[in-house]
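Rule-based calculations on the coordinates, nothing more; no lab input. Values in this document were obtained by computation on a predicted structure and should not be read as measured data. Glycine also receives a Cβ, built like all others from the backbone with ideal geometry; neighbour counts cover every protein chain displayed.
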């Protein structure tokens, strides 16, 4: 069964309720499959229900994002369209009972993976990206507010902030032509260092038996996959929107990292302090 855990809450009631319902649909399909010799009707019913419910949910989510002028809306629409295409084109394998069951499991695995990653890398940021008037004088400053009290973690967070700052500075460098290869290099560096940091942080959480390790792993995986999906080749088709796309990308990266530190990583330091664990 797939559990809709607390880390999946984005604290927008309608959207959270609809996310819960999507997880419930997956779990109902699993239960029915366990009770059925022939899972083909289960798969067909799941696909039909998902087509309707996902369309409704995506419409609600996009309408809300539009109402708050969320800069992530174009990317959300793209991700929603990819999910819809996958569901619309999925054809269960009915060549045998075993093939049908394996086909259903493949679908369920895809759906659960997509939902967790989409919620934890995209939906979690709805309404959290700062407007131009809300930005701090130096939003890339790694201040004491972000310090967990764990030196190795704080040092790595500082480096992530620095890489994002370097990327932002390069984007705003007006005299530098053909800078997109260099931006891509920095984004690759960010992904690689992020993977190193997450691995190191998860190893620490394992050593101290941190109770929220699995939630952290889900969030880490979702963010890394988001980084992997960044493709600047699309910039050639953006004309005058290239700069806006890159600025919004940096805003997302910085905001996700900031929110993750403040909402999740700070708890690691608190847990270690509460349990008198060496940092």
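Observations
- Rounded to 10°, Cα long-axis angle of helix 97-121 versus longest principal axis of the chain: 30 degrees
- Nearest 10 degrees, 0 to 90: helix 151-171 Cα axis against the chain principal axis: 80 degrees
- Calculated [θ] (222 nm, deg cm²/dmol) that DSSP helices of n ≥ 4 give over the chain, each run adding -39,500 (n - 2.57): -23000 deg cm²/dmol
- Residues 90, 223 in ascending order of nearby Cβ atoms (within 10 Å, fewest first): 90, 223.
- Approximate spin-label separation residue 262-residue 11, in nm, with each point projected 7 Å along Cα-to-Cβ: 0.9 nm
- Between the range 187-227 and the range 4-47, the Cα center-to-center distance that results, in Å: 26 Å
- Spin-label model distance (nm) - residue 145 vs residue 90, 7 Å beyond Cα toward Cβ: 4.1 nm
- Which of 79, 174, 202 has the fewest Cβ neighbours within 10 Å, and the rest in rising order: 174, 202, 79
- The angle separating the long axis of helix 242-260 from the principal Cα axis of greatest extent in the chain is about 80 degrees.
- Tensor-based shape of the range 65-151 (alpha-carbon gyration tensor, a/c under 1.5 rounded, otherwise prolate or oblate): oblate
- Cα pair distances exceeding 20 angstrom across the range 108-231, given as percent: 56 percent
- Spin-label pair residue 27-residue 99: with each label point 7 Å from Cα along the Cα-Cβ axis, the two points sit 3.3 nm from one another.
- Spread of Cα-to-Cα distances over 10 Å intervals beginning at zero, given as percent, for the range 1-85: 16, 41, 31, 10, 2
- For the chain, convex hull volume per residue from C-alpha positions, Å³: 155 Å³
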